[in-house]
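The values are calculated or read from the model by the stated rules, or taken from the named source; none is laboratory data. From a predicted model like this one, the values you see are computed outputs, not experimental measurements. Cβ sites come from the backbone with ideal geometry, for glycine too, and all protein chains shown count toward neighbours.
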Amino acid sequence: MPIKLGIVPVTPFEQNCSVLVCQKTGDAAVVDPGGDLDKILKAVKQMGGSVKKILLTHGHLDHCAGAADLAKQLNVPIEGPQIEEQFWIEQLPEQAKRFGFGHAKAFEPDRWLNDGDHVRVGEVDFAVLHCPGHTPGHIVFYDAEDKLALVGDVLFAGSIGRTDFPRGNHAQLVDAIKTKLWPLGDDVQFVPGHGPMSTFGRERLTNPYVGDKT
């Protein structure tokens, strides 16, 4: 596999922060650093990576509350999510207080991402897919060579993302999963925002919300 993957559960919500390291160059990206930055940096060191950027799937607290601090500490850019997440990112300080996260800074990503964009981690290319529904500007990162997707809170093993948040939309979420993710192939492994990894094929067979029998 050209990409080395590490998963670090962070925050009281046990959110799956991913560390991606290009096997060829050692360049690394941190995906969805919601908090516990020391744990994330320890994983990066153990994996032998050098962080070049931070990638974000969406603007919820447990996925991006640590992004501004980590970017400043490492002097790296933040890429993603899609611009419709701006209203969530602007609420980070207030949300952090409400949920007992302590301090979190609002920020503006260095690059907003759109459907069809690409990001690189070393020599590994990730396609960007806009998959709204859980939140309006949620994106997914897909590495075709490794058949690996980082889906944030779009899809889980046996479930899908909540849609009862402001600007959530259940029909939109189901449509995004079936039209954007399933065509990538049953053999694609995915890292969800919470819980264990799964494959699109397994979810098509067994997921009660978006499986082929639904």
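Applying the set (1) outside any loop (DSSP other than H, G, I, E, B); (2) within 28 Å of Val76 (Cβ to Cβ) to Trp182 leaves exactly one unmet item: (2). Among the residues of the stretch 66-81, those identified as touching a Pro at 6+ places or on another chain (Cβ under 8 Å) and under 28 Å from Leu173 (Cα atoms) are Gly66, Ala67, Ile78, Glu79, Gly80, Pro81.
Identify the residue in the stretch 87-118 that is among the aliphatic types (A, V, I, L, M), more than 16 Å from the chain's Cα centre (by Cα) and in a loop (DSSP other than H, G, I, E, B) and, among all such residues, is modelled with the highest pLDDT. Within the stretch 87-118, the match that is modelled with the highest pLDDT is Ala106.
Taking first residues from the stretch 140-154 that are in a strand (DSSP E or B) and partners that are of a type in the set (D, E, K, R), the Cβ contacts under 9 Å between residues at least 6 apart in sequence or on separate chains come to Val140/Lys180; Asp143/Asp125; Ala149/Asp143; Leu150/Asp32; Leu150/Asp143; Gly152/Asp32. Checking each residue in the stretch 129-157 for being small (Gly, Ala, Ser) and crowded, with 24+ Cβ neighbours inside 10 Å picks out Gly137, Ala149, Gly152.
Taken together, Leu56, Leu20 contain a single residue that is touching a residue at least 40 places away in the same chain (Cβ under 8 Å), within 19 Å of Arg120 (Cβ to Cβ) and touching a helix residue (DSSP H, G or I) at 6+ places or on another chain (Cβ under 7 Å), which is Leu56. If the condition is being in a loop (DSSP other than H, G, I, E, B) and under 28 Å from Pro33 (Cβ atoms), then the stretch 185-208 contributes Val188, Gly193, His194, Gly195, Pro196, Met197, Asn207.
Of everything in the stretch 155-171, what is among the aromatic types (Phe, Trp, Tyr) and not in a loop (DSSP other than H, G, I, E, B)? Give them in sequence order.
Matches in the stretch 155-171: Phe156 only.
Looking only at the stretch 57-75, which residues are of a type outside the set (A, V, I, L, M, F, W, C) and part of a helix (DSSP H, G or I)?
Asp62, His63, Asp69, Lys72, Gln73 - these are the residues of the stretch 57-75 that are of a type outside the set (A, V, I, L, M, F, W, C) and part of a helix (DSSP H, G or I).
Meeting the requirement of 2 or more residues that are crowded, with 24+ Cβ neighbours inside 10 Å, the strands (runs of 3 or more DSSP E) wholly within the stretch 1-56 are 15-22, 27-31, 50-55. Residue check: His134 meets all listed conditions (1) closer than 18 Å to Asp186 by Cβ; (2) in contact with a Leu (Cβ under 7 Å, 6 or more places away or on another chain); (3) not acidic (Asp, Glu) but one, namely (1).
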